[in-house]
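Following: one structure in structure tokens, then a few remarks.
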Amino acid sequence: MKRKLILVGSVLSVCIMSFAFTIIQQPKPWPAPEKDAKTPNPVKSNAESISAGKALWSLHCASCHGKKGLGDGSKAAQLKTTPQDMTLASFQTQSDGSIYYKINAGRDDMPSFKKKIPDAEDVWNLVNYVRTFKK
């Protein structure tokens with residue numbers, strides 16, 4: 001009987017921990033408003049734009065999202081939410097306007113960069129740079 005209770009308790013603990021881990025790891029949906037999502041990128045994706053975006057990435061984004069956009073930056077472990085892996089199709093299939101919106105708006109641990117990167121062209125350069133992330 002005692003062995004059975006220990007087994008049931010162990011199984012229950014594993015189930016609860018698995019459920020909690022699933023809840024913590026699952027990002028909340030973050031749709032951009034339709035108007036923003038449909039906004040086209042006015043900045044041509046070329047070497048100059050990507051280079052400018054990379055410089056901004058290194059300064060503002062890599063500490064959480066990592067050098068290659070995998071969500072493994074040096075500050076990632078300190079956050080309540082896991083930073084987005086920007087190499088995944090679920091990220092890369094978003095419109096440029098959606099990514100632009102999220103950089104400006106921020107949510108939860110992701111701060112708004114509206115004041116830190118006030119020049120719209122710089123944000124579009126950043127969007128062009130994150131488009132280079134691939135698995």
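Read-outs throughout are calculated quantities, based only on the coordinates presented, and are distinct from any laboratory measurement. Just so it is clear, the structure is predicted and the values come from calculations on it, not from any experiment. Neighbour counts are summed over all protein chains in view; Cβ atoms, including those assigned to glycine, are modelled from backbone coordinates with ideal geometry.
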Inset, instruction - Would you list which lysines come within 18 Å of Lys116, measuring only between C-alpha atoms, while excluding same-chain residues fewer than 8 positions from it? - result: Lys54, Lys102
Inset, instruction - Note down the nm distance, to one decimal, between modelled labels 7 Å out along Cα→Cβ at Ala55 and at Lys115. - result: 2.4
Inset, instruction - Excluding Tyr101 itself, calculate the net charge of residues whose Cβ lies under 11 Å from the Cβ of Tyr101, where each Lys or Arg counts +1 and each Asp or Glu counts -1. - result: +2
Legend entry - Dipole-positive endmost among Phe91, Pro42, Gly71 within region 31-130 (Cβ charges, Cα centre): Gly71
Inset, instruction - Could you grab the relative contact order for region 44-133? Cα pairs under 8 Å, six or more apart, rounded to a whole percent. - result: 35
Legend entry - Pairs beyond 24 Å (Cα-Cα), from Lys38/Lys67; Lys67/Lys114; Lys35/Lys67: Lys38/Lys67; Lys35/Lys67
